[in-house]
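The block underneath contains the structure these notes are about, expressed in structure tokens.
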Amino acid sequence: MKNKRQRQHHKEGSNFPGQHLMHSKRLTQSLVEMAGVESNELVLDIGAGKGALTLPLAQRAGKVWAIENDPQFVEKLREKFGKAKNVTIIAKDFLQVNLPRKPFCVVASIPYSITTPILGKLMDQPTIPMKKALLVIEKGAAKRFTASPVIRPRILTWRMYFDLKMEQTLPPHHFSPPPRVDSAVLFIKKKTKPLIPDWCHALFLSLASYGLKRAEWPMDQVLKGVFTGPQITRLVKELGVTRDCPIGWLREEQWATVFHSMIRYVLPYRWPKKK
Ligand SMILES: C[S@@+](CC[C@H](N)C(=O)[O-])C[C@H]1O[C@@H](n2cnc3c(N)ncnc32)[C@H](O)[C@@H]1O
């Protein structure tokens, strides 16, 4: 039994979900400009479709990987870019693609159905050399990723390493066929100075998962499983909050303070463990 979304795609004559293509050259040009792509950069176009972004990217970037898993679109990409020296067409599911080992950027209008797995692949490991990404995604998702304060441990952990900003709303008429919801441009940039070191990534995720399990609880109640009473007193003073402040209200910088205090003052056997 197909759900509503699948039935809609079936009507549109495609087996590949999320094929809402951009048709305005002005828009695709302006997105590539907004991304600030440089002539020496490697750029990934994830879900390249018929190449609406691939073309302006190829004109600006050093190298472009056009990644697409619909064979009909791959055929079109080969016709258009087969001879372009700086475009590599990768006919694969992006989630199965090995990411570059050298620094790269992403400029893409991605398939909405796998937005979180795509972002996870790009940001779950801080050692992945992604410098920046300009992504067209569903507006609701863009709002979730940029909301403040953040109460999802995985998103909070991304934001310890990357700045995420919603730049612009794109109404359905920019796409063919038009999606039923608004889209938005999400801009992601690696922080010049991450709030926690790369090697602390898993440990921070454990602390965030532990703390945000009860995001609405007062922070002293939540943190007493990790910190001692006097340590909490010192910590809330340093954070500039009251003891009964819901832990879910903390900003990224405050989470970094909690984390660094834990590393510094709390014995490792009390640190939250990876689940
Ligand atoms: C929103 S469309 C964007 C197409 C094109 N970039 C544009 O702006 O016109 C998303 C594209 O992602 C492709 N796609 C869907 N799932 C994919 C996957 N797992 N890996 C690579 N491409 C995928 C679809 O076939 C579609 O062409």
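Given the structure, is Gly240 at positive phi and surrounded by fewer than 16 Cβ atoms within 10 Å (Cβ to Cβ)? Spelling it out, Gly240 is indeed at positive phi and surrounded by fewer than 16 Cβ atoms within 10 Å (Cβ to Cβ).
Just one of the listed residues (Gln6, Gln19) is surrounded by 15 or more Cβ atoms within 10 Å (Cβ to Cβ), modelled with pLDDT under 95 and out of contact with any strand residue (DSSP E or B) (no Cβ under 6 Å at 6 or more places or on another chain), namely Gln19. Among residues of segment 87-99 that are within 13 Å of Gly120 (Cα to Cα), those with a beta-carbon under 7 Å from a residue that is part of a helix (DSSP H, G or I) and more than 9 Å from the ligand (Cβ to nearest atom) at least six positions away or on a different chain give the pairs Leu95/Lys121.
Counting residues in segment 84-93 that are within 14 Å of the chain's Cα centre (by Cα), within 16 Å of the ligand (Cβ to nearest atom) and at pLDDT 95 or above gives zero.
If the condition is being farther than 21 Å from Leu99 by Cα, near the ligand (Cβ under 8 Å from one of its atoms) and not in a helix (DSSP H, G or I), then segment 32-83 contributes Lys50, Ala52.
I'd like to know if segment 121-131 contains one or more residues that are more than 27 Å from Gln96 (Cβ to Cβ) and in contact with an Asp or Glu (Cβ under 9 Å, 6 or more places away or on another chain).
No, because not a single residue in segment 121-131 is more than 27 Å from Gln96 (Cβ to Cβ) and in contact with an Asp or Glu (Cβ under 9 Å, 6 or more places away or on another chain).
The residue that is farthest from the chain's Cα centre (by Cα), counting only those in segment 100-118 that are within 13 Å of the ligand (Cβ to nearest atom) and in a loop (DSSP other than H, G, I, E, B), is Pro111.
One line per residue, one yes/no per condition, for (1) part of a helix (DSSP H, G or I); (2) without any contact (Cβ under 8 Å) to a residue 24 or more places away in the chain:
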| site | (1), (2) |
| --- | --- |
| Arg144 | yes, yes |
| Leu156 | yes, no |
| Thr169 | no, no |
| Phe187 | no, no |
| Pro194 | no, no |
| Ser209 | yes, no |
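Counting the residues of segment 232-270 that are under 19 Å from Met160 (Cβ atoms) and part of a helix (DSSP H, G or I) gives 19. Against the definition (surrounded by 19 or more Cβ atoms within 10 Å (Cβ to Cβ) and either farther than 22 Å from Asn98 by Cα or of a type in the set (Lys, Arg) (or both)), how does Gly140 come out, yes or no? Answer is no for this residue.
The values are calculated or read from the model by the stated rules, or taken from the named source; none is laboratory data. Only a predicted model underlies this, so the values are computations on that prediction, with no experimental measurement involved. No Cβ is skipped: glycine too gets one built from the backbone with ideal geometry, and neighbour counts run over all protein chains shown.
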